[in-house]
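Please treat every number below as a calculation from the coordinates, not as lab data. Fair warning: this is a prediction, and the values are worked out from it, not measured in the lab. We place every Cβ from the backbone using ideal geometry, glycine too, and count neighbours over all the protein chains shown.
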Amino acid sequence: MTEQKTETITNDESLMFSFGEPEIMNRDFTNYDYSELFYNDDGDYWEPPLDRAGLNKLTRANAYHGSILMARRNMIAGRYIQGGMQKQQMQSAVHDFLEFGDTALLKLRNYLGKVIGLWPIPTMYLRKRKNGDFAFLERDNKQKRYKKEDIIFIKQYDPVQQVYGGPDYLGCVQSALLSQDSTTFRRRYYKNGLHMGFIFYATDPNLSKEDEDDLKEKMASSRGVGNFRSMFINIPNGNERGIQLIPVGDIATKDEYEKIKNVTAQEVITGHRFPVELAAIIPNGGTRGDPIKFDYVYCKNEVIPACEMFMDAVNGDPEVPESLHLTFNLDNVAT
């Protein structure tokens, strides 16, 4: 009789791996600490110190940042009475002035070369050259050139460089991005079933190395929320709790979301020097002040000076006839 030899094989090897990718947060606008300008020799123009596409995307990152920019725009353009532009064109010019820190008004001329009107040029695509002329970037690396005499360039002061203007809200950029990141994280947290991820815990000795490799491949190739709700695993004679899917990172009892949103909202409003009483925020544990009084102070310190900047730039240009001079309502009466 031949003796049958048996061998018990146990899988004692520990195995750990990760699956799923972390969420990439907003990285469109992070470099706003600059000390010099770069001249683009190929395009023959100065590169703006700040990424203007990033500045534009930033207006949609936070519920307050973009809204306050529009409120400031409407308060300035709302005082416009008459001049070489229509009301909507003035809104466009003020919008660029606040969002990018500068705005450009093109002098429209007749066949005799006389200025007969003004037209705002989107400064997101406008670049300045060494000789003072301007280049408007178009598709397919094409440019439309403007002489410096044809552009009235109005800019906010930037102590680092004097080629372009600089927006006045840079101190609240990180707060706006933090608000966006916290909202993105919160949305994914809820969509993921109120947890931030899983630990796939397997202790069943009947799980073979081939099964482990197969599970690892299945999970590593999975993407998106809820992929494992439809996963089927069959281990003959397996233990009841040999495989567990354990959610981790439950933050329901320690959620800082509301605190982050409140703090970032206050910082964005402060960065714009905009009154809370005009920003549709109800203070916690307090009462709102008189919005009429705050509107009076804000118009006196912020809105009217901006109107005067536009008037000085346009009305002081010797080529602009008096009939095209800008007129704003500079009255400010507290009621």
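In whole Hz, what ³J(HN,Hα) sequence does segment 300-312 give by Karplus (6.51, -1.76, 1.60; θ = phi - 60°), x for Gly and Pro?
Here the 3J(HN,Hα) series is 5, 8, 10, 6, 5, x, 5, 4, 5, 4, 5, 5, 4 Hz.
Using θ = phi - 60° and the Karplus curve 6.51 cos²θ - 1.76 cosθ + 1.60, what whole-Hz ³J(HN,Hα) does each residue of segment 96-108 get, with Gly and Pro shown as x?
4, 4, 7, 6, 10, x, 7, 8, 10, 10, 7, 7, 8
With θ set to phi - 60°, apply the Karplus curve 6.51 cos²θ - 1.76 cosθ + 1.60 along segment 65-79 and write out the HN-Hα couplings as whole Hz, x wherever there is a Gly or Pro.
Couplings: 4, x, 5, 5, 4, 5, 5, 4, 4, 5, 5, 6, 5, x, 8 Hz.
For R109, list long-range residues whose amide hydrogen, built 1.01 Å from N in the peptide plane, is under 5 Å from its own amide hydrogen.
I116
What is the gain in length, in nm to one decimal, between E149 and Q161 on full extension, counting 0.36 nm per residue of separation less the C-alpha to C-alpha distance?
2.2 nm
Using per-residue counts of other Cβ atoms within 10 Å, averaged over each peptide, order 52-58, 100-106 from highest down.
Packing order, densest peptide first, comes out as 100-106, 52-58.
Given 0.36 nm per residue, what is the gain on full extension from E322 to L170 after removing their alpha carbon distance, in nm?
51.1 nm
So if R0 is 51 Å, what FRET efficiency would F38 and Y296 give, r being the distance between their Cβ atoms, rounded to the nearest 0.05?
On the way: r = 43 Å, r/R0 = 0.85.
Computed FRET efficiency for F38 and Y296: 0.70.
Once amide H atoms are built 1.01 Å from N in the peptide plane, which residues 5 or more positions from Y80, or in another chain, come under 5 Å H to H?
N329
Applying a 10 Å radius around every beta-carbon, put 68-79, 160-171 in order of their mean neighbour count, most first.
68-79, 160-171
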